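The values are calculated or read from the model by the stated rules, or taken from the named source; none is laboratory data. Just so you know, these numbers come straight off a predicted model, no measurement behind them. Note that we place each Cβ from the backbone using ideal geometry, even for glycine, and neighbour counts take in every protein chain shown.
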Amino acid sequence: MPAFTHHLFVCCNQRTPSHPRGCCDPEGSEALRNAFKAEVKTRGLGPLVRANTSGCLDQCEHGPCVAIYPQGIFYGHVKIEDVPRIVEETVLCNRVLDDLLISPECLNNPTYPHR
């Protein structure tokens with residue numbers, strides 16, 4: 001089997017509503033992951049594109065978050081309405097969506113002001 005061209009990791013981590021860092025899947029429904037899986041299937045992109053549930057991606061303040069590998073793209077504040085556009089623009093056309101991109105300066109940076 002060939003390697004994935006895109007592997008989408010959709011954070012489905014849950015925390016209490018009062019947690020200061022927020023939560024990517026407060027209802028625990030995995031609705032965002034399910035939307036990605038359905039879009040990948042509808043477009044016939046399997047088995048080269050895969051969408052999986054992920055545990056915490058440690059970008060909680062930007063949740064819901066999606067990491068796309070091997071490209072190393074991190075998107076934040078992703079909504080179900082964004083799913084078709086992410087698949088079309090990023091997966092199929094290799095374009096990064098600046099409005100969803102978590103800046104590299106912010107990734108894994110505990111001194112960044114939002115933390």
Going by the structure shown, is ASN52 under 22 Å from ARG85 (Cα atoms), polar (S, T, N, Q), at pLDDT 95 or above and not in a strand (DSSP E or B)?
no
In segment 55-85, which residue that is assigned to a helix (DSSP H, G or I) and touching a residue at least 40 places away in the same chain (Cβ under 8 Å) is farthest from LYS41 (Cα to Cα)?
GLU61
So which of ALA3, ALA51, ALA38 is among the small types (Gly, Ala, Ser) and either buried (at least 21 other Cβ atoms within 10 Å of the Cβ) or in contact with a Gly (Cβ under 8 Å, 6 or more places away or on another chain) (or both)?
ALA51
Using beta carbons and a limit of 8 Å, which pairs, at least six apart or on different chains, have the first residue in segment 1-23 and more than 15 Å from VAL66 (Cβ to Cβ) and the second one in a strand (DSSP E or B) and not hydroxyl-bearing (Ser, Thr, Tyr)?
THR5/VAL49
Among (1) of a type in the set (D, E, K, R); (2) buried (at least 17 other Cβ atoms within 10 Å of the Cβ); (3) in contact with a helix residue (DSSP H, G or I) (Cβ under 9 Å, 6 or more places away or on another chain) - the single one ARG21 does not satisfy:
(2)
Residue check for ALA67: within 12 Å of the chain's Cα centre (by Cα), at pLDDT 95 or above, closer than 20 Å to THR90 by Cα and of a type outside the set (Val, Ile, Thr):
yes
Residue count, segment 22-38 (criterion: in contact with a strand residue (DSSP E or B) (Cβ under 8 Å, 6 or more places away or on another chain) and outside any loop (DSSP other than H, G, I, E, B))
4
